1. In the range A:211-314, which chymotrypsin sites (Phe, Trp or Tyr not before Pro) are in a loop and have at most 15 other Cβ atoms within 10 Å, using DSSP for the loop call?
2. Relative to the longest principal axis of chain A, what angle (0 to 90°, nearest 10) does the C-alpha long axis of helix A:156-173 take?
3. If I fit a long axis through the Cα atoms of helix A:283-299 and take the longest principal axis of the Cα atoms of chain A, what angle between them do I get, 0 to 90°, rounded to 10?
4. Given +1 on the Cβ of Lys and Arg, -1 on the Cβ of Asp and Glu, and no further charges, what dipole in debye does the range B:15-128 carry about its Cα centre, rounded to the nearest 20?
5. Name the residue farthest towards the positive end of the dipole of the protein assembly as shown from the options A:38, A:91, A:180, assuming +1 on Cβ of Lys and Arg, -1 on Cβ of Asp and Glu, about the Cα centre.
6. With every protein chain kept in place and ligands, DNA and RNA left out, what is the accessible area per residue of the protein assembly as shown? Probe 1.4 Å, answer in Å².
7. Springs between alpha-carbon pairs under 10 angstrom, Gaussian network model over chain A: which of A:179, A:25, A:167 fluctuates most?
8. What is the ratio of the Cα radius of gyration of chain A to 2.2 N^0.38 Å, with N the residue count, to two decimals?
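The values are calculated or read from the model by the stated rules, or taken from the named source; none is laboratory data. Everything numeric here is computed off the predicted structure, so don't read it as measured data. In this analysis, Cβ positions are derived from the backbone assuming ideal geometry, glycine residues included, and neighbour counts consider all displayed protein chains. Each accessible area value is taken on the protein alone, full model and side chains, heavy atoms only, with ligands, DNA and RNA left out. Shrake-Rupley method; radii C 1.70, N 1.55, O 1.52, S 1.80 Å.
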Amino acid sequence: MEKKLPRTRPIKVLIAEDNAVSAKILQGNIKDWGYDVVLAMDGKQAWQALQDEEIGLAVLDWMMPEINGIELCKKIRQINYQNENHEYTYIILLTARDEQKDLIKGFSAGADDYITKPFNSLELKARLKTGKRLIDLQRQLQEQANRDGLTGLWNRKRMYRILEKEINRTQRISHPLAIIMIDIDNFKRINDTHGHQSGDAVLQAVSSILKKRVRSYDEICRYGGDELLIILPNCNLGETKKIAERLRQAVSYQKVNTENAVLDVTISLGGVSTGNKRTDLKPETLISTSDEALLEAKYKGRNCIVVKKLKECM
Amino acid sequence: MSNFTNPKSTGPIDLSSVMERIGGDESFLQELIEIYIDDFVEKYSQLKQAIQRGKFGIIKEVAHSLKGASGNLSLTDLQETSYSLELSGKEKNIEQAKKSFLRLGEEFERLKNLLPSNKWQNIEDKMIRIKTNV
């Protein structure tokens, strides 16, 4: 499931240090500075933590049993590059003074920075802050790259990625997957009559109503123009109908305040749910079927829902 | 903690530098010292075995780790001696290793005042067992 993470979520710092005293001092300091700390006593534990948790900053001891700091660096960079959804991990190597000549090895393995032991706490704090700045910036960029600017919903690029992931999951665990395509009724007329700013306000208002009414693990995306698309994992035909109807009612009962007018807005919804057993399912198939259903809903007179079971599954 | 009240004495620990590192928390320092001492005894025993068997790789690794811990607690002499032990492991110099190992034991004795006497007694017993166990 894609996590909807607030921008302020604290950065997790992994400390990989086999020496108990050093680990304890690092942990005490780093916690005091407001980070979440994950402690690993050797390279293997550290590697496990890196896979299980979203680690923003890693403070790695150079010499460790099982997997040493340099090998860890290489492994981290591999997952960073293989998986573009994986958050970048900023790596600070802990080195002894006499290892300094080997630093080039550390940097070419993928370390971002280093600090010599015994470390000066102000220096470590400053170096962590540099790393945090980079992680924050990256999170912002990622957010901007995946969100629609007007509504704050997932954008189309992100939508396809979520769909592909959910389709994969559906095929793996044999759960039904549903999507609902939504179109705001007479949107063009709203724009023509009240101006594009009112149109924008309507889109925002509808988005915010939908956000409140879907299940916590459903994902809402802006497909384009006034068309929105909701991805509903593990949702059968009956449940999809229920949710679609709930959304239709929620929008039609609420008036939308724009600068110029108070509007009665309605939506039409076209949904599709897969069966349990699916092979070779493509995002396009789901989208075109829900599009057909949406068109039927429009023909039926708008402000209504049409939900279909995917043809091949009947 | 009365153990830490005289920063001017040239004891085994550079108090002002370690306090800066851990934010001036004396009870935390006490806790760290106890962890360090337990850790030291275990490593000392590993070092003894490694020296007896001429395992230079282990000498180097264990001394390195001890060097780091000593440095973080600003136990300057112990840090330096650990370092020369690490070097002797690297250079496969058994005579130098033995010398540094003995010096390490002597310098460790100077931590005596940093622990309550009953706890120290316990540690001393362990150290004697390691030293006499051939």
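1. Numbers: sites: A:217, A:223, A:253, A:299; in loops: A:217.
Passing both the DSSP loop test and the Cβ count: A:217.
2. 80 degrees
3. The angle comes out near 30 degrees.
4. Numbers: 16 positive and 19 negative charges, 136 e Å.
With Lys and Arg at +1 and Asp and Glu at -1, about 660 debye.
5. Farthest along the dipole direction, towards plus: A:180.
6. Details: 21860 Å² over 448 residues.
Value returned for the protein assembly as shown: 49 Å² of accessible area per residue.
7. A:25
8. Details: Rg = 25.0 Å, N = 314, 2.2 N^0.38 = 19.6 Å.
The reported ratio for this selection is 1.28.
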